[in-house]
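Taking it in order: structure first as structure tokens, then the write-up.
The values are calculated or read from the model by the stated rules, or taken from the named source; none is laboratory data. If you're wondering where the values come from, they're calculated on a predicted model, not measured in any experiment. Using ideal geometry, Cβ is built from the backbone for each residue, glycine included, and neighbour counts are taken over all protein chains shown. Ligands, DNA and RNA are excluded from the accessible area calculation, which covers all protein heavy atoms including side chains. Shrake-Rupley method; radii C 1.70, N 1.55, O 1.52, S 1.80 Å.
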Amino acid sequence: MEKIGIIGTGYVGLVTGVCLTQEGHGVIFNDHKKEMLANLKKGILPIHEKDLPELMKAGLKKGLIDVSTDKKYVADQSDILMFCVQTPSKEDGNADLSYLRQAVKEVAQSMKSPKILINKSTAPVGTARLIREIVRHFYNGQFDVVSVPEFLQEGKAVETFIHADRQVVGFEDDVSDEVKNRIVNLFKPFGKEIVVTNTKTAEFSKYVCNAFLALEISYINSMTGVSEKLGIDIQDISRIMRLDKRIGPKAFLEPGPGYGGMCFPKDVVSVVGIADRFGYTHKLLQVVNEINWRQRLNVAEKIHHFVQKIDKPKISILGLSFKKNTSDVRNSQSKTVIEELLKLGYKNIAVYDPLANDNFKQFNLPIEYKNSWSEAVDGSDCLVIMTEWDEFKQLDLDLVKKKMRTLNIVDSRNLLDKELAKKLGFNYMGMGRK
Ligand code: UGA
């Protein structure tokens, strides 16, 4: 069994580490957040993810989970060091590698014996080489650098890690077969297929996959306006497309308020930046990005259309997280829509999210937080579905009707039964459906 130091206990680090204990490996979580690490030892997690609390508990019980803020201790105690630190995008679109550089430097300064360093942070092509250079500067002994991009999805992180479609493992040319086997064996239980390649391919594959999924979303979103004009329901189009095996049943063709979160918005811009550095203007992905931000404004325009003539309208926003089953509000679509509504002069905005209310408060927006959808829609003039939570899918529209003042719905996730809504007398607008 391996002893693995997880450097950076964010989403990826935490989920990866906890899942590795399932196979009997020992992990040490490292982060600068002392309180968060202390909580981990008590089984208290900083994120909401299905199945993670149970796996965490099992790992703790077996004594496979340790924590430390001290990189020297983590480097001493581990044979493998896995870097899972954030790589946000800078204003010019390039990834900010300062956190990663610093983390590698600190680990390298503490290294006294051969180690395998795995990079899991999404980082540009050449990052494995960069890690190698940094380590070499501080450490003369034997070490290897491996690139293993992460493909898990928030909201179903455990499931998408444990049953990944594939694990991609990138090695430098001079890595020994023994090291290769150890790393392949480490990830084998978690992938239907293991793709062994070089570090550059592994690094670029993560960006290209994310950008492609983002492209699918912007593609279907680009059709919503046209569908509305044609009187076609875009959901029918998505279904027809997904039945084509070349496109596939899981294709990212769910129309909505655009993609959010920490990955797609950042990675699309990063690929444009990478291409630019090599003299290629990636117009396609520039447009993908534009369509995405435009789509959020389209939602605000629909709301404005419904309430503009109402005196002091109350708008109810249901959903603040960037997708369902997570409390993550990074690049939240709701934030953009609410900011636009505030710009348009709307002051009475009530919001509710089953998990993300507290996280959203960091944006300091002048809005009212409610504890249930029913409180949020009380006396409302426009109900807006922003996140596709199951709770909203099952909304009791009869009750909603009794509570609202004016019967307007903007359903940015096409979640509700539009025919029923119309039958009950609601003015209804989805995305790409009349
Ligand atoms: C994404 C990728 O799907 C993962 O494979 C990758 O590992 C991860 O980024 C990452 O780079 O770490 P994630 O951002 O967690 O995962 O969530 P997704 O399920 O991909 O959704 C991203 C956004 O796209 C959400 O706002 C979601 O609502 C939106 N979306 C997704 C759509 O609007 N339509 C779709 O059909 C699918």
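Observations on the structure shown:
- Scope the stretch 295-332; condition within 20 Å of the chain's Cα centre (by Cα) and more than 20 Å from Ala157 (Cβ to Cβ); matching residues: Gln295, Arg296, Leu318
- A count restricted to the stretch 321-351 and to residues that are more than 16 Å from the ligand (Cβ to nearest atom), part of a loop (DSSP other than H, G, I, E, B) and not hydroxyl-bearing (Ser, Thr, Tyr) stands at 3.
- Filter result (away from the ligand (no atom under 16 Å from the Cβ) and farther than 11 Å from Leu81 by Cβ) within the stretch 99-124: Arg101, Gln102, Lys105, Gln109, Lys112, Ser113, Pro114
- In the stretch 84-101, the residues that are small (Gly, Ala, Ser) and open to solvent by less than 30 Å² (accessible area, probe 1.4 Å): Gly93, Ala95
- Here is the figure for the stretch 102-137: residues that are open to solvent by 40 Å² or more (accessible area, probe 1.4 Å), in contact (Cβ under 8 Å) with a residue 60 or more places away in the chain and not β-branched (Val, Ile, Thr) total 1.
- When Ile303, Ile317, Ile274 are checked against the criterion of being outside any helix (DSSP H, G or I), open to solvent by less than 60 Å² (accessible area, probe 1.4 Å) and either of a type outside the set (Lys, Arg) or closer than 14 Å to Ser412 by Cα (or both), a single residue qualifies: Ile317.
Listed here are the residues, each with its yes/no results for (1) assigned to a helix (DSSP H, G or I); (2) open to solvent by 70 Å² or more (accessible area, probe 1.4 Å); (3) among the charged types (D, E, K, R); (4) modelled with pLDDT of 95 or more.
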| site | (1), (2), (3), (4) |
| --- | --- |
| Ala211 | yes, no, no, yes |
| Leu215 | yes, no, no, yes |
| Asn221 | yes, no, no, yes |
| Lys250 | no, yes, yes, yes |
| Leu253 | no, no, no, yes |
| Lys266 | yes, no, yes, no |
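- Some residue of the stretch 283-290 being within 11 Å of the ligand (Cβ to nearest atom) and buried (at least 19 other Cβ atoms within 10 Å of the Cβ): no
- Residue satisfying all of: in the stretch 143-167; within 11 Å of the ligand (Cβ to nearest atom) and aliphatic (A, V, I, L, M); farthest from Leu52 (Cα to Cα) among these: Ala164
- Residue in the stretch 176-185 that is among the β-branched types (Val, Ile, Thr), more than 30 Å from Leu52 (Cα to Cα) and modelled with pLDDT of 95 or more present: no
- Every residue from the stretch 352-379 that is aliphatic (A, V, I, L, M), open to solvent by 10 Å² or more (accessible area, probe 1.4 Å) and within 16 Å of the ligand (Cβ to nearest atom): Leu355
- Residue within the stretch 24-35 that is open to solvent by 10 Å² or more (accessible area, probe 1.4 Å), farther than 26 Å from Met111 by Cα and in contact with a Lys or Arg (Cβ under 7 Å, 6 or more places away or on another chain) present: no
- Any hit, the stretch 196-208, residues being under 21 Å from Thr122 (Cα atoms), surrounded by fewer than 15 Cβ atoms within 10 Å (Cβ to Cβ) and within 14 Å of the ligand (Cβ to nearest atom): yes
- Members of the stretch 252-273 found to be under 13 Å from Trp293 (Cα atoms) and hydrophobic (A, V, I, L, M, F, W, C), listed by number: Phe264, Val268, Val269
- Flag for Asn94 being touching a helix residue (DSSP H, G or I) at 6+ places or on another chain (Cβ under 6 Å) and away from the ligand (no atom under 16 Å from the Cβ): yes
- Search result, residues across the stretch 170-195 that are under 16 Å from Leu20 (Cα atoms) and either open to solvent by less than 10 Å² (accessible area, probe 1.4 Å) or in contact (Cβ under 8 Å) with a residue 40 or more places away in the chain (or both): Arg182, Ile183, Leu186, Phe187, Pro189, Phe190
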